[in-house]
Amino acid sequence: MKKIVITIDGWSSCGKSTLAKQMAKELGYVYIDSGAMYRAITLYFLRHHTDWSDTAEVNEALKNTVLEFHHNEKSAQSEIFLNGENVEYLIRDLVIAEKVSEVAAIKEVRCFAVAEQQKMGKKKGIVMDGRDIGTTVFPNAALKIFMTADIAVRVERRFKEMYEKNPNITIEEVKNNLEMRDYIDSNRTVSPLRKADDAVIIDNTNITMEQQLVYALNLLKQIKA
Ligand code: DC
């Protein structure tokens, strides 16, 4: 069967990566977490005290940023490396989540990340999740999904995930962060988060992970028919 590009966009914490991983596994495709790239760039900027209001500093920092994904056999996941260091775990911290939307709104950062993402999709056979994948990165993708879920459900899911790593975190912190990121991500000037006209909406507030996979695989059958 001919390999295609599948894009999954949507709000923060509405299960995009879960569905993307499920689909990639089922289809033998590569899964790319584009948000991890923005998070890793944010980590680099914070570590190097990059003043991201200064375009020259941003460009200089991006020149020194090499991002790669490597498959981890043990966890059966692809993990992000920043200049050779595995930062998959570090970039999930709230410190990064608090700044990432600001960094991801910078034009130069987006140009850099989008160019890398488009290279990864050249061979097709890829599922990429993010905010602008169906609109900007792969506007001609064969299957585009836009995910959504109720804010209360999203907060609950993200809180459980973050609480395992950091029991000091509060539900308010998680809720404020999700709302703040959704606001910045959908109101920025350069490729804001929005549904592509030809994307199919999946609202997973009341459906299980198994049901969402069945639904998405059916969409695939329809486009192949
Ligand atoms: O998917 P995530 O929550 O890990 O993404 C982190 C941030 O990165 C998100 O708040 C917005 C930004 N992002 C983006 O602007 N464009 C993408 N394609 C993916 C993520």
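Readers should treat all values here as calculations from the given coordinates under stated rules, not as data from a laboratory. Only a predicted model underlies this, so the values are computations on that prediction, with no experimental measurement involved. Virtual Cβ from ideal backbone geometry, glycine too; neighbours counted across all protein chains shown.
Calculated FRET efficiency, GLU164 and VAL200, Cβ-Cβ r, R0 35 Å, to nearest 0.05?
So the FRET efficiency works out to roughly 0.65.
Give me VAL103, VAL137 ranked fewest to most by other Cβ atoms within 10 Å of their Cβ, as a rough exposure proxy. Don't jump to the answer; show the numbers that get you there.
On the way: VAL103 21, VAL137 26.
So the residues, fewest neighbours to most, are VAL103, VAL137.
Would you mind ranking ASP182, ASP129, ASP93, ASP33 so that the residue whose beta carbon has the fewest other beta carbons within 10 Å leads the list?
Details: ASP182 20, ASP129 27, ASP93 14, ASP33 23.
Ranked by crowding around the Cβ, least crowded first: ASP93, ASP182, ASP33, ASP129.
Over 31 Å between C-alpha atoms is what I'm after, so list which of LYS107/LYS160; LYS63/LYS123; LYS3/LYS160; LYS123/LYS195; LYS25/LYS63; LYS2/LYS107 land there.
Over 31 Å apart, Cα to Cα: LYS107/LYS160; LYS3/LYS160; LYS25/LYS63; LYS2/LYS107.
THR148's amide H: which non-local residues (gap 5+, or another chain) put their own amide H closer than 5 Å, with H modeled 1.01 Å from N in plane and none for Pro or chain starts?
ILE202, ASP203, ASN204
Between GLU60 and ALA142, what is 0.36 nm times their sequence separation minus the Cα-Cα distance? Round to one decimal in nm.
Residue separation times 0.36 nm, minus the Cα-Cα distance, leaves 25.9 nm.
For each of PHE159, PHE146, count neighbouring Cβ atoms within 10 Å of the residue's Cβ, then give the residues from fewest to most.
On the way: PHE159 19, PHE146 23.
Ranked by crowding around the Cβ, least crowded first: PHE159, PHE146.
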